[in-house]
Amino acid sequence: MKTVPVLEVLDLAIGFPAARAVHGVSFEIHKGEMMALVGESGCGKSLTAFAIMRLLPPGARIQNGQVIFDGTDLATISPRELRRIRGNGISLILQEPMTSLNPVLTVGVQVAEIIRQHQNLSRAAAKARVLELFDLVGITEPHKRYDQYPHNFSGGMRQRVMIAMAVACNPALLIADEPTTALDVTIQAQVMDLLDKLRRELSMAVLLITHDLGVVAQWADRVAVMYAGRIVETAPVQKFFSAPQHPYSMGLLNSSVSNGEGAWHYTNHRLSEIKGSVASAAQATGCSFAPRCRHVIAPCHGGQPKLEAVEKGWLATCCRAQNQEERIHEFA
Amino acid sequence: MNAHSPRPSATAAAPGVAPARKKKTGSRAWRAVRHNLPFLIGASILLAVALIAICAGVLYPGDPRDMVTLPLSWPLTDNEYPLGSGSLGTDLASGLAHGAQASLLVGVSAASVGLLIGILVGAIGGYFGGIADDILVRITELFQTVPTFLLVIVLVAISGPSLPIIAGAIGVATWPTVARLVRAEFRTLRSNDFVLAARSLGYSTTRIIFGEILPNALPPIVVTTSVLAANAILTEAGLSFLGMGDPNLVSWGSMIADGRSLLRTEWFVTALPGAAITLTVLSLNLVGDGLNDILNPRSESNR
């Protein structure tokens, strides 16, 4: 699929006054694609996602790089132009559905307002569109629900409202920041199914931020692994799960619990872990994963390795990536 | 000054807990109102005073400062003037009714001025933080260090005593209370996820402040407003008592001033407007207290 990507992030660097948090991240997302950005807490994945919409927390700043969306660089356009894109071209789903809705406004009004913000619709037309959206995201009895307040909704239903808000203006890109973390597993599957259905029906691209590899395996097309503010590996999902190239990816897969064929079930074996913590990466001179890596060789301390192609559409930043014989099961 | 200080509603402080809010959700709010006796008493008194104020021109068409009968006739002695007359033979009943008009008008407009400035300053400081907040907090503190009544006297002395000036001066002197409250509310609310969500949807800052955050901050503001109005009425009465009120209007304060020298003999000249002030201010405080309970979902669950 060689078309113009919906979103192209080029060498994006984000920093706080004290330290840099994201070092030159580049990736692209194509139309209709669901790309997962995975990594442990604090690796910069949410920061990267928020930076795309310039919604960084106070103090954080985009220090370098471009975010190309629809031919413009979102990192430099005026706040006014940015507001036209937020919620319209790109929208965001937050992790916590319990607090992401305004508690004093009815959900119907909240969704209708977004439509009226970005489209020139009458009140009645906006309401009709909201009811249509509620139906689309699987909210039963939309007419009754329209006039209810967020506290009348369960967590899963609120996340559906959030999704309705997010897709209200047919965005080209939907950023979902751990959309299912706060929900229980059955609801999680429903919400992910809904997102999957919507991206097909509306042909949107989805950037899914998660640390749940199960979700990635089941729903994503492509995965980018972040570690200490860098993308260390990006690969199509099947390839990633069958033969991860970067030792960190291997570690992530090894330390996740699953009961599929060939996986190491935690009842039979000790669940393996990645030694050390991400905090140690800040001052390392070589590969930022070197202090925690089981396969360190001399060149690892030489400098930060570049993202290099393992094959087409599959990149990794490990100097051992291509000549690596042993794969995921060697640790047994 | 009166000692009632409203408890800010705790709803905003608990993320994750669904803040069950009032806002027009008919039955629940009504139930809370019906079970709140102090609120009902306060609201009835206030309504009665408001009714008298509105009908003052119809009930007592003449100027309340006109000499209509013998001075200092005791209440309930003259059928035509049941509440007696003042030292210049003015009808006390007419004075009380017209005074209600002046007092409520000052209360409402001073509270509005205070609210307007206070919400603007508090919202901007609380939402943006940083340097803007620092500057606004300093200005707020500057106003707070000057005694309210003194500031009102100075402003009225400079601009001349008329009702709009007095109301404006009281508003200008009392907005810091609102500003501090609103700022505190905004500081907790601005870090809420729904604010981030609103930003991600492309809403402008103005819209987020007034459309998203302010409705959440309303309950404590509403409660404070009633107290603000009560204080404004007291301040206006104080001004009139000192002879700095609008000379073209009869107010409860000026009526008290009129009776001051007669306190030991014809005490009713002072007592009647005094009682009117007490009742009105009390009713406003009861309403504020009641609203605090009604608008605060936590206190309902305690019942």
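Each value in this text was obtained by applying a stated rule to the coordinates, not by laboratory testing. It should be emphasised that the depicted structure is a prediction, and the values quoted were computed from it without experimental measurement. Neighbour counts are summed over all protein chains in view; Cβ atoms, including those assigned to glycine, are modelled from backbone coordinates with ideal geometry.
Summarising the amide proton neighbourhood of A:LEU92: residues at separation of 5 or more, or on other chains, whose placed amide H is nearer than 5 Å comprise A:GLY87, A:ILE175.
A simple charge model with +1 on the Cβ of Lys and Arg, -1 on the Cβ of Asp and Glu and nothing else charged puts the dipole of chain A at about 680 debye relative to its Cα centre.
The per residue volume of the convex hull around the alpha-carbon atoms of chain B is 155 Å³. To check you understand DSSP bridge types, tell me what percent of the beta bridges within chain A (both residues inside) are antiparallel, rounded to 5. Restricted to chain A, the bridges split so that about 60 percent are antiparallel. Note on the range A:57-149: semi-axes of the ellipsoid equivalent to its C-alpha gyration tensor, largest first and rounded to whole Å, are 30, 17, 12. Between B:ILE135 and A:VAL296, the modelled labels are 5.3 nm apart [label points 7 Å from Cα along Cα→Cβ].
The mean number of Cβ atoms from other chains found within 10 Å of a Cβ in peptide A:102-109 is 6, as a whole number.
Straight-line cross-link partners of A:LYS239 among the aspartates and glutamates, defined as a Cα under 19 Å from its Cα and at least 8 positions apart when in the same chain: A:GLU28, A:GLU33, A:ASP212, A:ASP221, A:GLU261, A:GLU308, A:GLU311, A:GLU325, A:GLU326, A:GLU330.
Along the range B:198-215 the Karplus relation, 6.51 cos²θ - 1.76 cosθ + 1.60 evaluated at θ = phi - 60°, assigns HN-Hα couplings of 4, 5, 5, 8, x, 6, 6, 4, 4, 5, 5, 5, 8, x, 9, 7, 4, x Hz to successive residues, with x for each Gly and Pro. In this structure, B:ALA271 and B:ILE158 have a Cβ-Cβ separation that, at R0 = 25 Å, corresponds to a calculated FRET efficiency of about 0.15.
When chain B is treated as a GNM, springs tying every alpha-carbon pair under 10 Å, which of B:ASP91, B:ASP246, B:ASP78 comes out with the largest mean-square fluctuation? Among B:ASP91, B:ASP246, B:ASP78, the largest mean-square fluctuation in the Gaussian network model of chain B belongs to B:ASP78.
Couplings 3J(HN,Hα) of the range A:163-173, computed from phi: 5, 4, 4, 5, 9, 3, 9, 6, x, 7, 9 Hz, in residue order, whole Hz [Karplus 6.51 cos²θ - 1.76 cosθ + 1.60, θ = phi - 60°; x for Gly and Pro].
State the answer as a single residue: which of A:SER91, A:GLY32, A:THR234 lies farthest towards the positive end of the charge dipole of chain A, with beta carbon charges of +1 for Lys and Arg and -1 for Asp and Glu, about the Cα centre. It is A:SER91, whose Cα lies furthest towards the positive end. Kirkwood radius for chain A, taken over all pairs of different Cα atoms as the inverse mean of 1/r, rounds to 21.0 Å. Over all pairs of different C-alpha atoms, the protein assembly as shown has a mean inverse distance whose reciprocal, the Kirkwood radius, equals 29.0 Å. With one equal scatterer per alpha carbon and no solvent term, the Debye-computed log10 I(q)/I(0) for the range B:56-161 at 0.17, 0.22, 0.23, 0.24 1/Å reads -0.88, -1.12, -1.16, -1.19.
Do any of A:LYS31/A:LYS144; A:LYS31/A:LYS127; A:LYS31/A:LYS312; A:LYS31/A:LYS197 go past 25 Å between their Cα atoms, and which? Among A:LYS31/A:LYS144; A:LYS31/A:LYS127; A:LYS31/A:LYS312; A:LYS31/A:LYS197, the Cα-Cα distance tops 25 Å for A:LYS31/A:LYS144; A:LYS31/A:LYS127.
Among beta bridges from DSSP that stay inside the protein assembly as shown, the antiparallel ones total about 60%. Once both labels are positioned 7 Å from their Cα atoms along Cα-to-Cβ, the gap between A:LYS31 and A:ASP193 label points is 2.8 nm.
Under the shape rule built on the C-alpha gyration tensor, where the axes satisfy a ≥ b ≥ c, the range B:141-182 is oblate, since a/c reaches at least 1.5 while a/b does not exceed b/c. By the Kirkwood approach, averaging reciprocal distances over each pair of separate Cα atoms, the range B:105-282 gets a hydrodynamic radius of 17.7 Å. The GluC sites (Glu not before Pro) of the range A:11-93 include none that meets both conditions, a loop assignment by DSSP and at most 12 other Cβ atoms within 10 Å of the site Cβ. Once you have a ≥ b ≥ c as the square roots of the Cα gyration tensor eigenvalues for the range A:84-210, tell me rounded if a/c is under 1.5, and otherwise prolate or oblate according to whether a/b is larger than b/c. Because a/c hits 1.5 or more and a/b fails to exceed b/c, the range A:84-210 counts as oblate.
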